[in-house]
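A.B. asks: Next up is a structure, given as structure tokens.
The values are calculated or read from the model by the stated rules, or taken from the named source; none is laboratory data. Nothing here was measured: the structure is a model prediction, and the numbers come from that model. Reconstructed Cβ throughout: ideal geometry from the backbone, glycine too, with neighbour counts over all protein chains shown. Just so you know, the surface numbers come from the protein's heavy atoms only, side chains and all, with ligands and any DNA or RNA stripped out. Shrake-Rupley method; radii C 1.70, N 1.55, O 1.52, S 1.80 Å.
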Amino acid sequence: MTAAVRSRNPGKRRRENRAALDYPLLVCALGLLAFGLVMVSSASMSIAERCCGDPFFYTMRHVMALTLALTAGFVAYKVPTAWWERYGSWIFLASIGILVLVLIPGIGREVNGAIRWIPLGPLNLQPSELVKLFAIIYVASYMVRHADKMTSQISGFIRPMVLIGIAAALILMQPDFGTTAVMIATVMALLYLGGASLMPFVFLLGVIATGLVALVVLSPYRWARVTAFLDPWQDPYASGYQLSQGLIAFGRGEWLGVGLGNGIQKQFFLPEAHTDFLAAVIGEELGLLGMMLLIGAFAFVTWRAISIGMRAEAVKRPFESYVAQGIGIWLGLQSVVNIGVNVGILPTKGLTLPFLSYGSNSLIVGCMAIAILLRIDALVRQLEREAGPKRGLRWARA
Amino acid sequence: MATHSRRGRRVASRRSKPNLVLRRRVLTAALSLAFVSLSAGVFYRQIIETDFLQEQGALRYLRAAEIAARRGMITDRNGEPLAVSTPVETVSANPGKLLDDSAAVSALAGALDMDAERLRAKVIANKDRQFIYVKRRVTLSEAEAVKAVVAERKLEGIGFEKEYRRYYPGAEFFAHVIGFTDIEDRGQEGIELAYDDALKAEPGLHHVIRDGRGRVVQEVEQIRPPRPGTDLTLSLDRRLQFLAHRELAAAVKEHRAKAGTAVVLDVATGEVLAMVNQPSFNPNMDRSGGSEQRRNRALTDVMEPGSTMKPLVVAAALEKRLISPRTPIATAPGYYKVGRNTVRDVHNYGSLDVTGVITKSSNVGVVKIAQRMAYSDLWHIYDQVGFGHPTGVGFPGESGGLLRHYSNWRPFEHATMAFGYGLSVTALQLAQAYSVIAADGVKRPVTLVKRDAASLAALKGTSVLSPATARKVRAMMETVVSDKGTAAKAQITGYRAAGKTGTAKKAGKSGYRGRRYQSVFAGFVPAGQPRLVMVVMIDEPGGKSYYGGTVAAPVFQKVMQGALRLFNIPPDDPMPSMLLAHRESAQ
């Protein structure tokens, strides 16, 4: 049968033999990581020099975080997807436990009014970053285990949402509005993909929307952030400060940017230039061209993840399929939200730019996600080889 | 097989999840839409809205800021600094960063020699601000100490700004001439004001990027480079100035005088070598003292010159060949009626010759000499030696004195003009007039700025008297400093000195009543070939002695003695030293 396959489609055979890994995805992710290192260095240098007397203060830490992240990615690649499927729920429960720990005074560390970190020696653990990945794995495994309930019963939707809701509530208490939103949106998109019935879906969406609106209205600083996003020039020195500075950065960039390292906005005007507003620095220094390449790279990663998921589904691996698509949605969503916040089309939230922003947890979880994608891709390739080509697969491969 | 699987899926879709593919497509479309609208948003900001955003940016980070520039240095004729701008630093801090670090506040206060408690209170009071001045205009060494503290404790938010502070090494010795600047580094008095245009530094202008804390982060472009002020070399000699100041201060103190002034001129160049006043002030310290301390009396205050005018009257008469030094003048009986007024001598000197009139300072004699001339002759000599006109040193507040035109004179005024009443002059004008006699009749403009080679070459004098007349007058004035004259106390061993005393009654509200005098001595050394002219005026000596010969002449003697040594001027009269030796051996 193998021989028959080969004779039928020699072009495909060559490609499969050559690529045991999804090299385009790997190259794209590594490229984003390297680009992130360059941009974090550029964005943080003047701040680092002023605060710590060493312009490479943040760069060195970023390099260390990258080392850690690549190691974590390597380890995650070595873990079989079956392991994630079996223990996914427990990992998610454990991460909810850590989210509780963060909120206990004395354990969690407060920075700028938010308690998001647990100090672990030189490293600060930020569980809300990891929870996003683990929630996808948990929901994926749930959807596989309860595949029959998913489409027929409302509980198929509600049960996973209970745990997700607890995690979301804990993250909101930190408070971390952006991460909550991205996590819930990802999980709901995943459930939607998995065929959950629309009625509870719409209902819950309404409840969440109402809750979020209430939260925004009741919590003045978020309200200020929302109004700042609508018109940052209304109050450009208070609530609209960060965004207006970010917009100025983009405006200065024009087509090709002011040149790497020549940005002005990062010099004490733009708070969080090396973390949440890194895209603004890229926009200023590398212009529209740099931004288009960046957005293109994220779109590519998203598309690649979803297509891996579709191929996994085709070889009857629903868990891997859901995980891959979930990761794709999550990375796409988070990058869109981050850049969208930077250019002022979405309200200001504390979200990192995946693979680029300074922050070890974000890098680690990003690398793990890519590693899991690569692992799934490798598995799918193997299964495809074993099963032989299927006509129904062509459109997914295109 | 393939057909079967497709059919199977379709069947399954119909039963339980009819639109799974559709859902995926919806989601993919939604994500694609998100990416596309994101790109559109970026395009809008970067290309369409760019002008507005760049303008907004420029409003925030671009500032035109001044670059501190150094004001010109003022030195004496030998390059000794008299007014210098020293770089200083202003230390600022972000109070929020210091709030919890009490030890750092103490360390900072220690480095700046401040009270730690007060600094702490200042930090706490401004804790909501981003910026406070810790201390303004500190010395470089203090700034270094602060930088050490910052490095040691890894402090944040401490900033430094470069400024200049004016410092006057000459202190009270030069205070009146130099003047001082205000906090904005602009000249307020004296040379600092007169030469402000040259001295003042033009701060540069640059576009700088300022961070949110208002501090300069980076220079974008320099619009105008800073232009440091031009240095200025004065004609004053620091050593002579010190000496003159010391002796004048001692005399003012000794005679319990109200004030005093002294001027030394270089005969050959018209340069002012020393100009001192009492009382004085220290421009480096509190300048709250009034104008009594601050005025440069040598230029701003006028006096009636009194008997110091007599050599000029004689010179004018000699020039007109109306008299010779030996012409006899009858001064008996010691007074002389001019109209309804009477001119008096201190004693009845009987019959004197012209030289004797100068030696004894006879008012009667000099009036009789003056009466041989027309009003205009007397007025001309006074006018030509510079009375009634500012000297041209360009000093702020300089008085030109008062010399009324002869067409308005009455006979008695003509008489009083001859012995120095009815006109007023400044000490510098008097010194300038005497320098005409000293320079063989040539008047050269006086200056407070050192003449360089080019300016010396271009220096032109106007001839006022013939050299012969000047020599004759000098010979007469030498007799004043002799044992027979009124200023024996001006004698300098080894040198021939010449001069004239003056003791003018000060005019008050009720005329020339009351015992208020101005004791003056004006003279030059060495008498044969004068090099230096000096005028000393002591205002209202409070002691018993008030004559120019006893109050002002000793100051001349002490200062000139030192000056002759300072300038290596060879002795021109070896005889007195032999006489002195003779006297000493006889004792």
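A.B. asks: Need one word for segment A:88-218: rounded, prolate or oblate. Basis is the Cα gyration tensor (sqrt eigenvalues a ≥ b ≥ c); a/c below 1.5 gives rounded, then a/b vs b/c decides.
C.D. replies: Taking the square roots of the gyration eigenvalues as a ≥ b ≥ c, segment A:88-218 is oblate.
A.B. asks: Write out the trypsin sites (Lys or Arg not before Pro) in segment B:78-184 meeting two conditions: DSSP loop, and at most 13 other Cβ atoms within 10 Å of their Cβ.
C.D. replies: On the way: sites: B:K97, B:R118, B:R120, B:K122, B:K127, B:R129, B:K135, B:R136, B:R137, B:K147, B:R153, B:K154, B:K162, B:R165, B:R166; in loops: B:K127, B:R129, B:K154.
Sites meeting the loop and neighbour criteria: B:K127, B:R129, B:K154.
A.B. asks: Compute, for the protein assembly as shown, the length of the dipole vector about the Cα centre, with Cβ point charges of +1 (Lys, Arg) and -1 (Asp, Glu) only. Units Debye, rounded to 20.
C.D. replies: About 2680 debye.
A.B. asks: In nm, to one decimal, how far is the A:I158 label point from the A:V111 one, both placed 7 Å along Cα→Cβ?
C.D. replies: Computed distance between label sites A:I158 and A:V111 equals 4.0 nm.
A.B. asks: Quick one: angle between helix B:467-480 and the longest Cα principal axis of chain B, in degrees between 0 and 90, rounded to 10, please.
C.D. replies: That works out to roughly 80 degrees.
A.B. asks: Farthest toward the dipole's positive end in chain B, which of B:Y168, B:L403, B:T391, given Cβ charges of +1 (Lys, Arg) and -1 (Asp, Glu) about the Cα centre?
C.D. replies: The Cα lying farthest towards the positive end belongs to B:Y168.
A.B. asks: If I model segment B:354-487 as equal point scatterers sitting on the Cα atoms and use the Debye formula, what is log10 I(q)/I(0) at q = 0.10, 0.21 Å⁻¹?
C.D. replies: -0.37, -1.39
A.B. asks: Taking both sides together, what accessible area is buried at the B/A interface, probe 1.4 Å, expressed in Å² and rounded to the nearest 100?
C.D. replies: On the way: alone 29290 and 18230 Å², together 43290 Å².
So the buried area, both faces added, is about 4200 Å².
A.B. asks: Just to be sure I understand the curve: with the Debye formula and one point per C-alpha of chain B, what is log10 I(q)/I(0) at q = 0.11 Å⁻¹?
C.D. replies: Relative scattering, expressed as log10 I(q)/I(0), comes to -0.99.
A.B. asks: With respect to the cross-link table entries B:K320/B:K484; A:K316/A:K349; B:K368/B:K506, which display a Cα-Cα separation exceeding 31 Å?
C.D. replies: Correct reply: A:K316/A:K349.
A.B. asks: Which of the aspartates and glutamates could a cross-linker bridge to B:K460, judged by Cα under 19 Å and excluding same-chain residues fewer than eight apart?
C.D. replies: In chain and number order, the partners are B:D266, B:E271, B:D383, B:D440, B:D452.
A.B. asks: Which order do the peptides A:115-124, A:361-370, B:32-41 take when ranked by the mean count of other beta-carbon atoms within 10 Å per residue, highest first? Display every interim value, and only then the final one.
C.D. replies: Details: A:115-124: 14.3, A:361-370: 26.0, B:32-41: 16.6.
Ranked by mean Cβ neighbours within 10 Å, highest first: A:361-370, B:32-41, A:115-124.
A.B. asks: Excluding residues on the same chain fewer than 8 positions from B:K360, give the aspartates and glutamates whose Cα lies under 17 Å from its Cα.
C.D. replies: Correct list for B:K360: B:D345, B:E478, B:D483.
A.B. asks: With everything on Cα atoms, drop me the angle between helix A:23-52 and the longest principal axis of chain A, reported from 0 to 90° to the nearest 10.
C.D. replies: 20
A.B. asks: Under a crude label model (7 Å from the Cα following the beta-carbon direction), how far is B:N568 from B:V26 in nanometres?
C.D. replies: Label-label distance for B:N568 and B:V26, simple model: 10.8 nm.
A.B. asks: Evaluate the relative contact order of segment B:64-233 (contact order divided by residue number), counting alpha-carbon pairs under 8 angstrom at least 6 apart; express in whole percent.
C.D. replies: Averaging sequence separation for qualifying contacts and normalising by length gives 33 percent for segment B:64-233.
A.B. asks: Over chain B, what relative contact order in percent results from Cα pairs under 8 Å that are six or more residues apart?
C.D. replies: 13
A.B. asks: Taking a threshold of 26 Å on the Cα-Cα distance, which of the pairs B:K200/B:K450; A:K266/B:K200; B:K337/B:K505; A:K266/B:K97 fall above it?
C.D. replies: Over 26 Å Cα-Cα: A:K266/B:K200.
A.B. asks: If you average over every viewing direction, what projected area does the convex hull of the Cα atoms of chain A give, in nm²?
C.D. replies: Quarter of the Cα hull surface area: 20.5 nm².
A.B. asks: Using 7 Å Cα-to-Cβ label points, what is the A:A82/B:A507 separation (nm, one decimal)?
C.D. replies: 12.6
A.B. asks: Provide a whole-number value for the mean count of partner chain Cβ atoms within 10 Å of the Cβ atoms in peptide B:51-61.
C.D. replies: Averaged over the peptide's residues, the number is 6.
A.B. asks: How tilted is helix B:50-61 with respect to the longest principal axis of chain B? Cα atoms for both, answer in degrees (0 to 90, nearest 10).
C.D. replies: Once rounded, one gets 50 degrees.
A.B. asks: Equivalent-ellipsoid semi-axes (√(5λ), Cα gyration tensor) for the protein assembly as shown, whole Å, largest first?
C.D. replies: 104, 24, 23
A.B. asks: Let me confirm one metric for peptide A:335-343, namely the mean number of other chain beta-carbon atoms within 10 Å of its residues' beta-carbons.
C.D. replies: Average neighbour count from other chains, rounded to a whole number: 4.
A.B. asks: Report, to two decimal places, the Cα Rg of segment B:137-268 normalised by 2.2 N^0.38 Å (N = number of residues).
C.D. replies: Rounded to two decimals, the normalised Rg is 1.55.
A.B. asks: Rounded to whole Å and sorted largest first, what semi-axes of the equivalent ellipsoid does the C-alpha gyration tensor of segment B:64-233 yield via the square root of 5 times each eigenvalue?
C.D. replies: Those come to 34, 20, 13 Å.
A.B. asks: Also, I was wondering about something else. Can you work out the FRET efficiency for the pair B:R340 and B:K544, with r the C-beta to C-beta distance and R0 = 30 Å, to the nearest 0.05?
C.D. replies: Step by step, r from the Cβ atoms, then E = 0.35.
A.B. asks: Let me ask you something else. With every protein chain left in place, what is the accessible area per residue of segment B:418-530 in square angstrom, probe 1.4 Å?
C.D. replies: Using a 1.4 Å probe on heavy atoms only, each residue of segment B:418-530 averages 37 Å².
A.B. asks: Over segment A:88-218, what is the relative contact order in percent, taking alpha-carbon pairs closer than 8 angstrom and at least six residues apart?
C.D. replies: 25
A.B. asks: Using bins 5 angstrom wide from zero, how does P(r) for segment A:19-70 break down, in % of all Cα pairs?
C.D. replies: 5, 21, 22, 19, 13, 9, 5, 4, 2, 1
A.B. asks: Here is a further query. Give me the distance between the Cα centres of segment B:470-504 and segment A:29-68, rounded to whole Å.
C.D. replies: First find each Cα centre; the distance between them is then 87 Å.
A.B. asks: Cα centroids of segment B:305-353 and segment B:86-135: how far apart, whole angstrom?
C.D. replies: Result: 75 Å between the Cα centres.
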